[in-house]
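A quick write-up on the structure given underneath.
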Amino acid sequence: MNLGYACINMTLGEEKPKVTTNRSMIKKTFLAKGPEYAGELALLNCRDLFEILKWNKENGIKFFRLSSGIFPWASEYDIEDLPQYHRIKTILSGCGNYAKKNNIRITSHPGPFNVLVSPREHVVKNTITDLTNHGKVFDLLGLDRTPYNKINIHCNGVYGDKASALNRFCENFELLPESVKTRLTVENDDKASMYSVKDLMYIHKRTGIPIVFDYHHHQFCTGDLSEQEALELAITTWPDGIKPVVHYSESKSIHESNGKVKPQAHSDYINELPNTYGNSVDIMVESKAKELSLLPFVIH
DNA sequence: CATGGTCAAGTGGCA
DNA sequence: TGCCACTTGACCATG
């Protein structure tokens, strides 16, 4: 079992200059400076990715979620056309080799704007663009084309007709490139009206993609399954030889005894690890304090 | 140099 | 109707 954290390393983020893979810019700046400047930021982001991977190795952390912001404004240009492309390619290749050599699992979680179930054509088109860029970056890293290196999304929409939406997911899945289809996973939601693990089984049966079980979300959208039932149903969707991933976080409102905070909000730290009921999984911990929150649980 | 207002994208839920 | 939360705070104009 490996514990992972998402996108940001707080420790390195406090160094000067700070180590981060999230350099970006507002639209106005992108329009003024163009993809060339985006490439400069991407190059720095990629260099810092290597620093974070080294930190992870030195601190016994073998699971990390890559930021979706590593290439700012990636939807507006082709990564291959950046003037820094060859340098970026070399660096990412080095990052991927380093991760593989040290058994660091890298995954990603593209944002809520990715809506493969949308009835609106331009939304699906934008989704395909963003997911394709994630697949490209994973290919540049030389990561496996399997859900070991997953690109994980939510459905992100119901439109009052879940069955139709699920169908659109499966139809639009076929429009994705192999770099994405081979890595894509889908995660249960944190709203009762949305998709439980049970709902997502329809997608798994039609496309074969695995389901990521989120413990925290499950509390708000059970699909009438117990935690153990939902977890183990999700686990059945993973291919042989690839350890399933689960997401774990604790409720901020419980940590702070504050009823005003939405129960869905994540806490800074975690008090415990989830019950895996004896199953072997990798656990992505989603907490505000990032790597700091999992250090107490990491065995060196 | 610190700080606060503002920031690409889609959707659902809530005041 | 408008804000917030979600993958993740970070950018940048102003003082």
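The values are calculated or read from the model by the stated rules, or taken from the named source; none is laboratory data. Small disclaimer: the values here were computed from a predicted structure and weren't measured. Glycine also receives a Cβ, built like all others from the backbone with ideal geometry; neighbour counts cover every protein chain displayed.
Structure values in brief
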{"quantity": "Any chance A:PHE71 is assigned to a strand (DSSP E or B), of a type outside the set (Ser, Thr, Tyr) and either within 16 Å of A:ASP48 (Cβ to Cβ) or more than 14 Å from DNA strand C (Cβ to nearest atom) (or both)", "calculated": "no"}
{"quantity": "Top-ranked residue in region A:153-163 [being crowded, with 17+ Cβ neighbours inside 10 Å and of a type in the set (A, V, I, L, M, F, W, C); ranked as nearest to DNA strand B (Cβ to nearest atom)]", "calculated": "A:VAL158"}
{"quantity": "Region A:2-52, residues that are in a loop (DSSP other than H, G, I, E, B), of a type in the set (Lys, Arg) and at pLDDT 95 or above", "calculated": "A:ARG23"}
{"quantity": "Selected residue [hydrophobic (A, V, I, L, M, F, W, C) and away from DNA strand C (no atom under 14 Å from the Cβ)] from A:PHE113, A:PHE169", "calculated": "A:PHE169"}
{"quantity": "Some residue of region A:138-152 being of a type in the set (A, V, I, L, M), surrounded by fewer than 16 Cβ atoms within 10 Å (Cβ to Cβ), under 30 Å from A:ALA192 (Cβ atoms) and at pLDDT 95 or above", "calculated": "no"}
{"quantity": "Search result, residues across region A:69-117 that are of a type in the set (Ser, Thr, Tyr), surrounded by fewer than 21 Cβ atoms within 10 Å (Cβ to Cβ) and within 16 Å of DNA strand B (Cβ to nearest atom)", "calculated": "A:SER75, A:TYR77"}
{"quantity": "Region A:118-137, subset more than 10 Å from DNA strand B (Cβ to nearest atom) and not basic (Lys, Arg), residue surrounded by the fewest Cβ atoms within 10 Å (Cβ to Cβ)", "calculated": "A:GLU121"}
{"quantity": "Tally of residues being out of contact with any Phe, Trp or Tyr (no Cβ under 9 Å at 6 or more places or on another chain) and more than 29 Å from A:LEU292 (Cα to Cα) across region A:204-237", "calculated": "10"}
{"quantity": "Top-ranked residue of region A:130-166 - restricted to ones that are of a type in the set (Val, Ile, Thr) and within 15 Å of DNA strand C (Cβ to nearest atom), ranked as farthest from A:SER108 (Cα to Cα)", "calculated": "A:VAL158"}
{"quantity": "Residues (polar (S, T, N, Q) and touching a residue at least 24 places away in the same chain (Cβ under 8 Å)) located in region A:5-47", "calculated": "A:ASN9, A:THR11, A:THR20, A:THR21, A:ASN22, A:SER24, A:ASN45"}
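Matching residues to (1) touching a Lys or Arg at 6+ places or on another chain (Cβ under 8 Å); (2) surrounded by 15 or more Cβ atoms within 10 Å (Cβ to Cβ); (3) modelled with pLDDT under 95:
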residue	(1), (2), (3)
A:TYR195	yes, yes, no
A:VAL212	yes, yes, no
A:SER226	no, no, no
A:GLU232	no, yes, no
A:SER287	no, yes, yes
A:LEU292	no, yes, yes
A:VAL298	no, no, yes
